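Here is the structure we will look at.
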Amino acid sequence: MKTRPYEHIAEIAHLAFGARLFTAMRYRFATDEVERVYTTDPAAYPLGGRKLKRDTAWSRQVLVAGEPYFANDEHGIRAAFDDADRILALGLGAIINVPVRHQGRVVGTLNFLREPGGYSPDDVAKALALAPLAAEALAS
């Protein structure tokens, strides 16, 4: 699998808004799963990892409505993620999840994490601008 668009996104995200961890997830509509296709931390979040996202508030917001998810503290992380303890143990506590669309359908997400309180609403706008860079790769 080509990693170049993801490497480019990771570099931009780090420079533009301080992302410490970046993952890209492909959405498997038929099974309501997301599958990790890129990570900047394969020890903590290895390639191929899958998460079931069936009918959660997060999945309705990001995968169905196609709206970003933004949390800047432990409460927001715990409210949306089963692996909150792992995220927090890495010193991360702020997240931006960006839905990626291809031909009008959500095909995956870009996920940017950093320390608690590390993101602002302006950073969400910057993250959203990166979604088109991953559309072809996540759709294939």
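The values are calculated or read from the model by the stated rules, or taken from the named source; none is laboratory data. Quick caveat, the model's predicted, so the values are computed rather than measured. Neighbour counts run over all protein chains shown; Cβ positions are idealised from the backbone, glycine included.
Points to keep in mind about this one:
- Residue tally, condition loosely packed, with under 13 Cβ neighbours inside 10 Å, assigned to a loop (DSSP other than H, G, I, E, B) and modelled with pLDDT of 85 or more, over the stretch 53-67: 1
- Selection within the stretch 14-52 - touching an Asp or Glu at 6+ places or on another chain (Cβ under 9 Å), within 16 Å of residue 108 (Cβ to Cβ), of a type in the set (A, V, I, L, M, F, W, C) and at pLDDT 95 or above: 22, 25
- Here residue 118 fulfils each of the conditions (1) of a type outside the set (A, V, I, L, M, F, W, C); (2) in contact with a Gly (Cβ under 8 Å, 6 or more places away or on another chain); (3) in a strand (DSSP E or B) apart from (3).
- Check on residue 84, farther than 24 Å from residue 129 by Cα, small (Gly, Ala, Ser) and either surrounded by fewer than 20 Cβ atoms within 10 Å (Cβ to Cβ) or in contact with a Pro (Cβ under 9 Å, 6 or more places away or on another chain) (or both): yes
- Residue check, residue 16 at negative phi, outside any strand (DSSP E or B), touching a residue at least 12 places away in the same chain (Cβ under 8 Å) and of a type outside the set (Asp, Glu): yes
- Residues within the stretch 91-115 that are crowded, with 16+ Cβ neighbours inside 10 Å and not in a strand (DSSP E or B), tallied: 2
- Condition met for residue 128 (among the aliphatic types (A, V, I, L, M), more than 16 Å from residue 23 (Cβ to Cβ) and surrounded by 14 or more Cβ atoms within 10 Å (Cβ to Cβ)): yes
- Near pairs, Cβ below 7 angstrom, 6+ apart or cross-chain, from the stretch 69-88 (under 21 Å from residue 100 (Cβ atoms)) to any residue that is among the hydroxyl-bearing types (Ser, Thr, Tyr): 70/119; 80/69
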